[in-house]
Amino acid sequence: MNHPSRSQQPQQLQSPAAEAERLREVFAEVAYDVTPSVVPIAAIAREGRRRRRRRTAAVLGAACGVLLVPLAVVVLRQGVPAGPGEREQVTPPAASVSPTPSVSMPHAGKVRVVTPGERVEVSPGTKIWLTEDGKHWTEPDQPTQFRSVTDGNLDLSSPGVSLQESGREDGVSFLSGIFYGEGEPALVRIETVAGDIDGTALTLAGEPGWGVWYAEVKVSAALRSSSDGLGGVTERVTVYDSAGGVIASQDFSS
């Protein structure tokens, strides 16, 4: 009787518990064969330091920005040129002051409407008044003087200015005259050897077409002429209206 060989014998089945045990052994062997990678501790440390530096720089930058704002305000207030993107504050230059001659004029720079015969005191002993026929004035130790606007010596058909000058021992010169032209006077500008001054204008009510101007100015002995006592102080007289237009102007420098 023939017996079957070992290879031809049927394989015996393993139990579930044995199979599970075998799988655990296989997984363990595989796990042991895998070499875990090294954790990059140094790289992580470097990254941490880099992030800390960036956060510190950001905080310092914000703090510097807060500090620079008051500094920028100080720079602008002091008028120092500002940097890009900032508005420069410009301090206007100081206004220049021109020298003013020594003047004694109680009514300097005014325009007065007077009644015929009304006396206007220029200084002690010096008075001016107007009548319909012209200019009248008195000075200390001098008789009353008169300049007519009706005797034909003045051509009232075209603008003009007349001039009378007299000097006193104290160096003060009394300047006056008649102006004529169209418009109402608002300012009398007198150019003298001692500087420019404002004079006073006197007019009668209505529109007479003429008026009187006057001023007093103190002039040093070096500027005065002793040839005839008049002094040659006045260089030009200009009468303006309220709009700045010239009513009359006359040059007396030559």
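The values are calculated or read from the model by the stated rules, or taken from the named source; none is laboratory data. Because the structure is predicted, anything quoted here is derived from the model rather than measured. As a convention, Cβ positions derive from the backbone with ideal geometry for all residues, glycine included, and neighbour counts pool all protein chains shown. These accessible areas exclude ligands, DNA and RNA; they are computed on the full protein's heavy atoms, side chains included. Shrake-Rupley method; radii C 1.70, N 1.55, O 1.52, S 1.80 Å.
Using a probe of 1.4 angstrom, how much of the accessible area of the range 141-193 is carbon and sulfur, in percent?
43
How are the alpha carbon pair distances in the range 135-243 distributed across 5 Å bins from zero to the largest one, expressed in percent?
The distribution over the range 135-243 is 2, 11, 22, 22, 19, 13, 7, 2, 0, given as percents.
Report the charge-dipole magnitude of the range 160-254 in Debye, nearest 20, computed about the Cα centre from +1 at each Lys and Arg Cβ and -1 at each Asp and Glu Cβ.
In total the dipole reaches around 200 debye.
Work through the residues other than Arg236 whose Cβ is under 13 Å from its Cβ and net out their charges, Lys, Arg +1 and Asp, Glu -1. If you can, show how the numbers build up before the last one.
Numbers: positive: Arg189; negative: Glu191, Asp196, Glu235, Asp251.
Combined, the nearby Lys, Arg, Asp and Glu give -3.
Label points 7 Å out from Cα along the Cβ direction at Ser157 and Leu223: separation in nm?
About 3.9 nm, to one decimal.
Grab the Cα-Cα distance for Glu21 and Asp133, subtract it from 0.36 nm times how many residues apart they are, and report the gain in nm with one decimal. Each step should come with its number before you reach the end.
On the way: separation 112, 0.36 × 112 = 40.32 nm, distance 14.85 nm.
Contour length minus the Cα-Cα distance gives 25.5 nm.
Per residue, how large is the accessible surface of the range 101-209? Use a 1.4 angstrom probe and give square angstrom.
Ligands and nucleic acids excluded, the result is 50 Å² per residue.
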